[in-house]
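Derivation of every value follows stated rules applied to the coordinates shown; laboratory data play no part. For clarity, every value in this text was computed on a predicted model and none was experimentally measured. Virtual Cβ from ideal backbone geometry, glycine too; neighbours counted across all protein chains shown.
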Amino acid sequence: MKKTTLIAAFLLISASVFIISCGKDKPVTSESNEVLTTTDGQVYVVDTLNSKAEWKGFKVIKSDNTSHIGALKFESGEVTVKDNKLESGQFVLDMNSLTNEDLKDSESNGKLLGHLKSADFFDTAKFPTASYEITKVTENIAGSDYNTILDGNLTIKGITKPASFNANVKVKDGELSIATEPKDINRDEFGIKFQMPAAEGLIKNEINVQMKVKAIEKK
């Protein structure tokens, strides 16, 4: 009886270790906003040729001389509009479309992009896309520089976190545009923890992001 109990206990412990070890390399899915939007409305498809997300990264001394700037293309996306108001939206970014605009030397530019796409940063081979899902659309207070507040779930490297953006949203003649206020995203929360040696200048955890989206009414 004791022998049977001992064997059962051993198998239980072995199974637990197996489950933990198998889950080690899986991306962590963190907290997210509850989806409160509705897809009841007219569908608009993102114009991927005329939409982009702009990024800016800094060393600890935050200035234009210690920063890199660039952009990402949208792979796909759809939004719904009802009574000329944004109702919901989902966007997918192509992480392999990452570009840099401040380094004019092709060799330096290529090295930076190669490093940003590596496992030290965005690991685009394993995580080729990032996404943003709008979970709530709120009209901003009168007189604000941005007419809308977008709440949503931002996913980078398989990790999802709530993210809110102030945005200007316009709907006219079958076209929709969204221009968000530049916002700092903490890369550490998405598992991007690489840091330069102090002698070369520490990199700030914040990446500044701004989305510029154009969508066309689906006929």
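What is the calculated FRET efficiency for residue 206 to residue 76, with r their C-beta to C-beta distance and R₀ = 22 Å, to the nearest 0.05?
Here the calculated transfer efficiency is 0.20.
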ask   = Under a no-solvent Debye model with one identical scatterer per Cα of the range 85-174, what's log10 I(q)/I(0) at q = 0.15, 0.20 Å⁻¹?
value = -0.75, -0.95
Cβ crowding within 10 Å averaged over residues, with 167-175, 73-81 ranked highest first = 73-81, 167-175
message = Calculate the FRET efficiency for residue 118 and residue 85 from the Cβ-Cβ distance with a Förster distance of 35 Å, rounded to the nearest 0.05.
response = 0.25
task = Within the range 120-157, find all residues whose amide N lies under 19 Å from a label point positioned 7 Å from the Cα of residue 32 along Cα-to-beta-carbon.
result = 127-137, 150-157
query = In the range 109-202, which chymotrypsin sites (Phe, Trp or Tyr not before Pro) fall in coil by DSSP and have 16 or fewer other Cβ atoms within 10 Å?
reply = 146, 194
